[in-house]
Amino acid sequence: MAPDSVNIRRAWMLLVLLMAAVWFGNLEYRKLVRPDEGRYAEIAREMATSGDWVTPRLNDIKYFEKPALQYWITAGAYRLFGEHHWTARLWSALTGFLGIFFTAFAASRLFGREAGLLSAAVLGSSLLYTLIAHMNSLDMGMTFFMGGALMSFLLAQQDAASAGSNRLWMHVAWAALAFSVLSKGLMGIVLPGAVIVLYTLIERDFGLWKKLHLFSGIALFMAIAAPWFIAVSIANPEFFHFFFIHEHFERFLTKIHGRYEPWWWFIPVLVAGILPWLITLIDAMAHAWKVDESSPLPNPLPLAGEGAEVSLRDVRTNRFKPKRFLLIWAVFIFVFFSLSGSKLASYILPIFPALALLIGDHLSRIDGRRLFWQMLPVAFLAAAGLVLAPNAVRFADNELARGQYAQFANWLLAASAIWLAGTVVALLLSCRDKVRAAIIVLACTSLIAAQILLTGHDSLSATRSDYAIAEQIKPHLRPGAPFYSLEGYDQTLTFYLKRTVTLVAYQDEMAFGIAQEPHKWLPTIESFKQAWVGQPYALAIMPHATYQQLSQQRLPMRVIARSVDKIVVRTP
């Protein structure tokens with residue numbers, strides 16, 4: 001291997017190592033925030049502590065809203081490395097990182113090596129993808145497996161794929177679909193299946209179904225996905241209706257979870273989430289439906305009739321069209337969740353690998369001048385961030401929050417400055433027609449800016465995490481002493497205290513589990529008061545207003561900790 005080639009490879013390896021350090025570097029720094037990070041960290045903690053790997057529990061109450069894969073992985077990380085912020089977030093960060101590499105691999109096989117590199121750069125620097133990859137939620141794991149399944153399908157169906165390659169990648173796709181279902185439920189197979197059906201209907205490519213290896217694929221899927229569903233249903237007969245009916249059909253069709261937003265809500269989420277590649281995305285999608293005439297034809301050409309070769313036109317018409325498939329993938333999932341009665345920003349994350357492939361392929365053929373004009377709006381956005389960052393304090397609704405937002409404003413300034421500097425350098429490089437260098441610089445600085453933003457978010461933890469109040473409570477904990485939580489449940493508190501609490505006059509997402517085990521809660525404040533006065537030693541956490549009411553009723557309490565919205569008391 002030539003010395004120049006060796007040096008280039010070493011430079012790329014060094015860049016990957018540096019980006020890995022940036023990617024994983026702040027997982028431990030930030031406190032867990034409510035609600036998702038605390039919820040999924042605590043479910044895994046209780047699983048690791050109890051040794052019950054079948055029935056997930058939140059606050060020692062059956063919790064069947066999601067499957068168990070991420071709980072297993074996180075509980076295993078706790079047992080190996082301890083219960084930390086970074087182990088709680090490890091699965092999201094790891095699947096996000098691996099997703100970048102698989103996207104690069106798929107893009108390289110489909111569109112060429114340059115497109116693979118640029119697709120990875122796009123995905124790893126897209127704002128929403130980066131943010132969700134560093135939060136403890138279930139969406140990144142599902143995105144990794146769903147995206148892996150659909151990209152494996154693309155690799156299996158490409159025109160150059162041999163019978164053996166088709167078989168291999170379809171079985172990878174079926175396995176990934178099983179893990180997608182174990183990550184977040186039926187959406188893990190329903191959405192990819194719908195994308196494939198839509199593609200075959202639109203393209204009238206029904207012969208594609210002959211290459212799905214349905215019998216062996218379904219057998220592999222069931223072998224991976226079915227055992228846990230069978231085991232949890234045997235242990236908990238009530239599981240089936242709640243999980244498959246309530247959590248899927250009712251969540252999608254109704255506003256039962258209180259997450260209703262208008263149909264257009266995901267549009268600004270996508271606009272901000274795909275930054276800094278928004279303009280390039282619009283350009284790429286505008287060209288995605290066209291058949292790529294420059295892509296290589298299969299060799300030898302397929303035969304038609306009695307030994308006569310088909311025309312080039314027929315071959316191009318009937319061949320598999322990966323860009324159209326990617327466009328259908330992205331548009332369908334986006335529309336599907338836009339029509340849903342339940343919306344969270346992270347729901348559209350599974351479209352990001354498809355968008356990265358489309359953008360990466362488009363960037364591999366773009367010239368410096370066109371790239372310059374597509375990056376220029378990013379510079380204005382970064383400059384606007386510098387100007388507007390100090391105004392972050394306006395979001396504060398009390399004096400404590402005002403101080404926190406003032407600190408966060410400094411992090412916003414730093415992130416905007418890094419982003420602006422990187423964009424300016426990228427613009428200069430694009431002017432010199434150094435397209436790859438410009439894209440890499442913009443991608444790296446966008447990732448760094450996002451990580452600075454995430455790190456700075458810890459400035460707001462006093463009002464979004466229970467770490468501080470848990471530290472005040474810990475000296476007062478005694479083994480076996482009751483701990484009551486009145487009219488609320490603080491999602492991160494039990495993780496930091498390493499123990500559960502008894503809910504009082506509060507159910508919310510634990511209503512179903514409480515209905516199965518009603519002895520694990522107290523339904524009214526009056527029942528709490530009776531239990532409280534009979535305890536030799538107990539603790540309770542409650543809103544300020546509830547504390548004032550109980551004080552006026554002369555309930556014996558001694559304040560031991562307080563936060564902006566909660567007070568913790570013990571028996572005198």
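The values are calculated or read from the model by the stated rules, or taken from the named source; none is laboratory data. All values derive from a computational prediction rather than experimental measurement. Reconstructed Cβ throughout: ideal geometry from the backbone, glycine too, with neighbour counts over all protein chains shown.
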Applying the selection to the stretch 500-520, what residues are surrounded by 15 or more Cβ atoms within 10 Å (Cβ to Cβ) and among the hydrophobic types (A, V, I, L, M, F, W, C)? Val501, Leu503, Val504, Ala505, Met510, Phe512, Ile514
Being within 27 Å of the chain's Cα centre (by Cα) and not in a helix (DSSP H, G or I) is the filter here; which residues of the stretch 469-498 pass it? Gly488, Tyr489, Asp490, Gln491, Thr492, Lys498
Restricting the stretch 277-291 to residues that are among the small types (Gly, Ala, Ser) and more than 23 Å from Gly422 (Cα to Cα), the one surrounded by the most Cβ atoms within 10 Å (Cβ to Cβ) turns out to be Ala288
Just wondering, is there one or more residues in the stretch 476-493 that are at pLDDT 95 or above, surrounded by fewer than 20 Cβ atoms within 10 Å (Cβ to Cβ) and farther than 23 Å from Leu555 by Cβ? no
Check Tyr506 against each of (1) in contact with a Ser or Thr (Cβ under 8 Å, 6 or more places away or on another chain); (2) in a helix (DSSP H, G or I) and name the one condition it does not meet. (2)
Report every pair of residues separated by at least 6 positions or lying on different chains whose Cβ atoms are under 6 Å apart, first residue within the stretch 471-485 and free of Cβ contacts under 8 Å to residues at least 12 places away in the same chain, second surrounded by fewer than 12 Cβ atoms within 10 Å (Cβ to Cβ) and not in a helix (DSSP H, G or I). none
Taking the condition closer than 23 Å to Ile514 by Cα, modelled with pLDDT of 95 or more and either among the aliphatic types (A, V, I, L, M) or crowded, with 22+ Cβ neighbours inside 10 Å (or both), does Ala75 pass? no
Within the stretch 247-271, which residues are at pLDDT 80 or above, assigned to a helix (DSSP H, G or I) and exposed (fewer than 15 other Cβ atoms within 10 Å of the Cβ)? Ile267, Pro268, Val271
If Leu428 satisfies all but one of (1) in contact with a Gly (Cβ under 9 Å, 6 or more places away or on another chain); (2) exposed (fewer than 15 other Cβ atoms within 10 Å of the Cβ); (3) on the phi < 0 side of the Ramachandran plot, what's the number of the condition it fails? (1)
If we keep only residues of the stretch 197-246 that are among the β-branched types (Val, Ile, Thr) and farther than 19 Å from Phe325 by Cα, then the residue surrounded by the most Cβ atoms within 10 Å (Cβ to Cβ) is Val232
Please go through the stretch 81-123 and pick out each residue that is surrounded by 19 or more Cβ atoms within 10 Å (Cβ to Cβ) and of a type in the set (S, T, N, Q). Thr87, Ser92, Thr95, Thr103, Ser119
Of all residues in the stretch 165-190, how many are buried (at least 23 other Cβ atoms within 10 Å of the Cβ), touching a Gly at 6+ places or on another chain (Cβ under 7 Å) and more than 17 Å from Phe320 (Cβ to Cβ)? 6
Under 6 Å between Cβ atoms, at least 6 apart or on separate chains: pull out the pairs that start in the stretch 47-61 with a residue that is modelled with pLDDT of 95 or more and end on any residue that is crowded, with 22+ Cβ neighbours inside 10 Å and aromatic (Phe, Trp, Tyr). Met47/Tyr71; Pro56/Tyr71
Pairs where the first residue, in the stretch 333-355, is farther than 13 Å from Met187 by Cα and the second is in a helix (DSSP H, G or I) and basic (Lys, Arg), C-beta under 7 Å, 6+ apart: Ser342/Arg251
Name the pairs: first residue in the stretch 377-388 and within 17 Å of Asn410 (Cβ to Cβ), second residue modelled with pLDDT of 95 or more and of a type in the set (Val, Ile, Thr), Cβ to Cβ under 6 Å, at least 6 apart or on different chains? Ala382/Thr423
Pairs needed: first member in the stretch 410-435, under 12 Å from Ala383 (Cβ atoms); second member anywhere, of a type in the set (D, E, K, R); C-beta distance under 6 Å; at least 6 residues apart or different chains. none
When you check Ile452 against the structure, is it surrounded by 15 or more Cβ atoms within 10 Å (Cβ to Cβ) and in contact (Cβ under 8 Å) with a residue 60 or more places away in the chain, yes or no? no
Take the conditions modelled with pLDDT of 95 or more and either under 22 Å from Met146 (Cα atoms) or in contact with an Asp or Glu (Cβ under 7 Å, 6 or more places away or on another chain) (or both) and apply them to Leu32. Does it pass? no
